[in-house]
Amino acid sequence: MPELTVVGRPVVRKDLFRKATGSGQYTVDLELPRQLHGKVLRSPFAHARILHLDPGPALKLPGVLAVVTGIDFPVGYWGSHIKDQPPMARGVARYIGEPVAAVAAVDEEVAEEACQRIQVEYEPLPAVYTIEEALAAEAPLLHPDLLRYERNPQVCRPQANSNVLNHTRIRRGEVEAALRRAVLVEEGEYRTQAQEHVSLEPSACLARWERDGHLTVWSSTQCPFIVREDVARSLGVLTHRVRVIVPDVGGGFGGKVHVRLEPIAALLSQRAGRPVKMVHTRYEEFIASTVRHPSWIRLRAGLDAEGRLSGWQAEIYFDTGAYSDSGEMVSWQTALGGAGPYRVGDVAIDTYAVYTNKVPAGAFRGMGWPQVMWAVESHLDRLARRAGIDPVELRLKNALRDGDETVTGERLEGVGLVECLQTAAEAIGWGKPRPAGHGRAVVSVMKSSAPNSTASAVVKVNEDGAVQVVTGAAEIGTGSHSALAQICAEALGVSYEAVEVTAPDTAYAPFDRGAVSDRTTFHLGDAVYQAALMARRQLLEVAAARLEAAVEDLELEDGILSVRGVPERRLSFREAARLSYVRHGGPILGQGRHLEEEIVPLHPETGQSPRACSHYKFGAQAVEVAVDPETGMVQVEQVVSGHDCGQAVNPLQVEGQIQGAVAQGLGYALMEEMRFEAGQVTNPTLMDYPVPTAPDVPPIRAIAVEVPHPHSPFGVKGVGEPGIIGVAPAIGNAVHDALGICLSELPLTPERILRALEQAGDSRPGSRTEIPAPWDPE
Amino acid sequence: MALNLKVNGRSEWVEMDPSRPLLEVLREGLGLLGARRGCETSYCGACSVLLDGQVVHACTVLAGMADGREVTTIEGISSGEALHPVQSAFIQAGAIQCGYCTPGMVLAAISLLQHEPNPTEEQIRQWIRGNLCRCTGYQKVVAAIAEAAAALGRGGGNHA
Ligand code: FES
Ligand code: FES
């Protein structure tokens, strides 16, 4: 490969000047003439039939211009791979906080007051709040029409007459027999909590419905094209009527994938004949925007005499709340991770997404892998202790390497796991003496990418030689625009400065799935790369005609096109761009796409597939903690996070992504927990739901282990997600290392640690978790 | 009722109720959008501004309380292409991701460096504890503030 000149350099992002000077423009900052403000009336019941709804009193309030309710929308549902969610409750409300009506008024206060005047009569219905309740034989069904919803059967397999909206199965070999043969079998049960994204900019949108039926929506979203589809479905209009524009976005982390307020603002705007802006309060972010799926995970793993994993069984349940949002994708993706990044011999994995009467859970950095890896990596340390093997050694012995097969039977290449584990272990001082009360741990990290993720991009060269990349990628803070500019510049042979990535606007940009599952650098990066190559080819053709040379004899470097070996026969990039207009009647216009032809859906019974998703990412997480046995407080002293990011596009951004993800993982591991009582969030404020502040976060050593991806432009991979995945199990295992207590439930609060210490005092360390329910593998 | 505020060195008259939050007066009344709304309950710091040089959360300061005092927002610390050394350090260090917390963070840093021109890492972390950042994990923010302190110490800026 020729030497890279732009990719791999720590270039300064172009959006930072405006952000540093306070002139970044976010959706919350937008204002249109005659704009109204919308507010939502939300269900106070976790499950209730809406018997009667009277908007009359609200409409009488001066300053109110429109009121809409569920029945004002055409019957349209949205969702990722199963379309189960209406824009507003229609007949039935399924969680506390679900929109049942909305008002547009001259200001927020009037709109709020008008909402309170809307009269609603409910008939409460029996509700389920936990996975166990939802799975019980006599459980009330949240979605009696579950099998009638439109869905993608390759990813979403609901179970009839149940609250299970997806079940993904993986089977290889005979797991029962393998476990019988094992010299040691460890069973365990793990639980994780709901986590809120806490993007600093809340969900927000501004909708303007024109009288001719066209609709423009400005949205704080990660996925403009998903928002376009959701809005069009909700309103029963064609997508070309809906234009979605994305200004700067103040954080996403998976919380801004689907619509929240957009269809409601749009309908209000149509009714009022004026633009309508809607912004969630922080409270609404807690009670009515998606959260990370709580989970319940049961593992059984066997070791053979050589310390090799010989059988692995996992049963994984995700609580997806009242609607799927992305629950089917979370449960699908984590089936691939049910045994972590290990060669496990015979295997049986079942993942389920289950409806409950709570705020919907959705995408969140890591897509279920942080939950599953909490269980897998905690379990690996338990196995290591039982077997008397060093935990790092156990991992290295069983780690996936090049040429190994995953649990779905896919042969892997470009696996950087062993390097990451060794690097992290070395950096944390693994095996070196440690102070009393301190503990260390090293865990593996793995993450799948989303399947069938198409992407497209256009690269155009203006008449003055300026290059524009037109895509649907929102810049949510990850630096994706500068990464795409670097990829384009490198492929085209121009400088980073010459390339601009335009803000997404669905009216002009080609389709893209959005900034989720780390796909922007990899999937969209490939599309941009292809587009840049096409543009380059066109430039060379223009130059060839002018220089009277064959295209093959030309080279393009540093913005100069010249005949190889005859440098005086040359044309500047700018001249070529201008010539394209003058001589060829139009701009240089390259188009690129990323298509995953080789991806094969998982076999419905065995989950086997030669290629389940575009790629996997590997890494390792190491920590050192100090635990105070008197208070149960965990102090994280050191963090080392090593991730195989492929060829790093921008080392500074790679570090920033890892550090940010680790900090979110620290919150998840130690303090963040949404608490519920009968479906109601009981701590919906930043006071009662603290997130890490600067003193809570220790220095984080981010290490990029660059194992280039064989099929991506320049070998790049995404690295936004993996940093969060290993933090919780690393801390849990390090706490065990320090105090000898086994923890199975997140977050690791002082209360839980003190309780575990008490129990350990009763029954001495090494005690195994008892599994209460009978184990039923099939 | 008209309020008279001194914002970024200029005297401003705004027709607003003095019992409204200062943040609303800045954003809705004066169109200064750099101070951002993140929680409105004094927990996130996105709305931080300087009041007589002290960091305050503009969402919980009543506009009337700012009457006759010096308000500095992110728009007031530099102009044109020239940046305050703290801003340059944030950009160079990659201490900005989504940027929503950045104006508040920069102002908090400026007030820290006025109190303590050579802060330790621990002092920096403690000082910005009222400013949440959900993107960066704080590390590059802390490094940027330390770098700005060093630059100011070298005489790299005339703002401090
Ligand atoms: S908006 Fe003022 S502290 Fe959050
Ligand atoms: S950069 Fe996004 S919150 Fe700080």
**Complete:** Residue pairs within 9 Å by beta carbon, gap of at least six or interchain, first lying in the stretch A:19-37 and touching a residue at least 40 places away in the same chain (Cβ under 8 Å) and at the interface with chain B (Cβ under 8 Å from one of its Cβ atoms), second β-branched (Val, Ile, Thr) and part of a helix (DSSP H, G or I), listed first then second, are A:LYS19/B:ILE91; A:LYS19/B:THR102; A:GLY24/B:THR102
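If only one of A:SER310, A:SER324 is of a type in the set (Ser, Thr, Tyr), farther than 30 Å from A:ASN398 by Cβ and either part of a helix (DSSP H, G or I) or modelled with pLDDT of 95 or more (or both), which one is it? Write out each step before concluding.
Numbers: A:SER310 fails: farther than 30 Å from A:ASN398 by Cβ.
Step by step, each of A:SER310, A:SER324 is checked, and only A:SER324 is of a type in the set (Ser, Thr, Tyr), farther than 30 Å from A:ASN398 by Cβ and either part of a helix (DSSP H, G or I) or modelled with pLDDT of 95 or more (or both).
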**Prompt:** Going by the conditions given, is A:ALA626 small (Gly, Ala, Ser) and more than 30 Å from A:THR471 (Cβ to Cβ)?
**Reply:** yes
**Prompt:** Would it be correct to say that B:GLY45 is touching a residue at least 60 places away in the same chain (Cβ under 8 Å), at positive phi and within 13 Å of ligand 1 (Cβ to nearest atom)?
**Reply:** yes
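Report yes if A:TYR149 is assigned by TED's automatic domain parsing to the domain that holds A:HIS52 and of a type in the set (Ser, Thr, Tyr), otherwise no. Please lay out each step first, then the result.
Details: assigned by TED's automatic domain parsing to the domain that holds A:HIS52: no; of a type in the set (Ser, Thr, Tyr): yes.
It is false that A:TYR149 is assigned by TED's automatic domain parsing to the domain that holds A:HIS52 and of a type in the set (Ser, Thr, Tyr).
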**Request:** Check the stretch A:224-243 and report whether any residue there is part of a strand (DSSP E or B), open to solvent by less than 10 Å² (accessible area, probe 1.4 Å), at negative phi and not polar (S, T, N, Q).
**Result:** yes
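Does A:GLU328 qualify as being charged (D, E, K, R), under 30 Å from A:ALA137 (Cβ atoms) and open to solvent by less than 10 Å² (accessible area, probe 1.4 Å)? Write out each step before concluding.
On the way: charged (D, E, K, R): yes; under 30 Å from A:ALA137 (Cβ atoms): yes; open to solvent by less than 10 Å² (accessible area, probe 1.4 Å): yes.
Here the answer is yes, as A:GLU328 does meet what is asked.
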**Prompt:** If you go through the stretch B:86-125, how many residues are more than 8 Å from every other protein chain (Cβ to nearest Cβ) and within 15 Å of ligand 1 (Cβ to nearest atom)?
**Reply:** 4
**Matching entry among A:PRO44, A:PRO33, A:PRO74 (being farther than 30 Å from B:PHE90 by Cβ, open to solvent by 50 Å² or more (accessible area, probe 1.4 Å), away from ligand 2 (no atom under 16 Å from the Cβ) and in contact with a Gly (Cβ under 7 Å, 6 or more places away or on another chain))** = A:PRO74
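Mind checking whether some residue in the stretch B:126-133 is open to solvent by 60 Å² or more (accessible area, probe 1.4 Å), within 7 Å of chain A (Cβ to nearest Cβ) and more than 16 Å from ligand 1 (Cβ to nearest atom)? Show your work before the answer.
Within the stretch B:126-133, the first condition is being open to solvent by 60 Å² or more (accessible area, probe 1.4 Å), and the residues that meet it are B:126-127, B:129.
Next, only the ones that are within 7 Å of chain A (Cβ to nearest Cβ) stay: B:126, B:129.
Retained after the next criterion (residues that are more than 16 Å from ligand 1 (Cβ to nearest atom)): B:126.
Within the stretch B:126-133 (the criterion being open to solvent by 60 Å² or more (accessible area, probe 1.4 Å), within 7 Å of chain A (Cβ to nearest Cβ) and more than 16 Å from ligand 1 (Cβ to nearest atom)), the answer is yes, since at least one residue qualifies.
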**Message:** Please pick out the residue among B:GLU75, B:GLU81 that is at the interface with another protein chain (Cβ under 9 Å from one of its Cβ atoms), over 28 Å from A:VAL654 (Cβ atoms), open to solvent by 10 Å² or more (accessible area, probe 1.4 Å) and at pLDDT below 95.
**Reply:** B:GLU81
**Asked** Here are some conditions: (1) within 16 Å of ligand 2 (Cβ to nearest atom); (2) without any contact (Cβ under 8 Å) to a residue 40 or more places away in the chain. B:ALA58 meets all but one. Which one does it not meet?
**Response** (1)
**Request:** Any chance you could count how many residues in the stretch B:1-27 are without any contact (Cβ under 8 Å) to a residue 12 or more places away in the chain and within 12 Å of another protein chain (Cβ to nearest Cβ)?
**Result:** 1
**Asked** Since A:PRO651 meets every condition but one in (1) closer than 19 Å to A:GLY8 by Cβ; (2) buried (at least 21 other Cβ atoms within 10 Å of the Cβ), which condition does it not meet?
**Response** (2)
**Residue within the stretch B:107-115 that is within 13 Å of ligand 2 (Cβ to nearest atom), open to solvent by less than 10 Å² (accessible area, probe 1.4 Å), in contact with a His (Cβ under 8 Å, 6 or more places away or on another chain) and in contact (Cβ under 8 Å) with a residue 24 or more places away in the chain present** = no
**Request:** Take the residues in the stretch A:655-683 that are open to solvent by less than 20 Å² (accessible area, probe 1.4 Å) and outside any helix (DSSP H, G or I), then tell me which one is farthest from the other protein chains (Cβ to nearest Cβ).
**Result:** A:GLY679
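Pick from the stretch A:180-200 the residues that are out of contact with any Lys or Arg (no Cβ under 7 Å at 6 or more places or on another chain) and in a loop (DSSP other than H, G, I, E, B): which of them is nearest to the other protein chains (Cβ to nearest Cβ)? Don't jump to the end; show me each part of the working.
To start, the set of residues in the stretch A:180-200 that are out of contact with any Lys or Arg (no Cβ under 7 Å at 6 or more places or on another chain) comprises A:180-183, A:190-193, A:196-197.
Those still in the list that are in a loop (DSSP other than H, G, I, E, B) too: A:182-183, A:193, A:197.
Details: A:ALA182: 40, A:VAL183: 42, A:GLN193: 18, A:HIS197: 8 Å.
Residue satisfying both the conditions and the ranking: A:HIS197.
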**Complete:** The correct count of residues that are within 23 Å of A:VAL244 (Cα to Cα) and open to solvent by 10 Å² or more (accessible area, probe 1.4 Å) in the stretch A:484-505 is 5
**Message:** Consider the stretch A:545-562. How many of its residues are of a type in the set (Gly, Ala, Ser) and touching an Asp or Glu at 6+ places or on another chain (Cβ under 8 Å)?
**Reply:** 1
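The values are calculated or read from the model by the stated rules, or taken from the named source; none is laboratory data. Computed from a predicted structure; not experimentally measured. Neighbour counts are summed over all protein chains in view; Cβ atoms, including those assigned to glycine, are modelled from backbone coordinates with ideal geometry. Heads up: the accessible areas ignore ligands, DNA and RNA and are worked out on the full protein's heavy atoms, side chains in. Shrake-Rupley method; radii C 1.70, N 1.55, O 1.52, S 1.80 Å.
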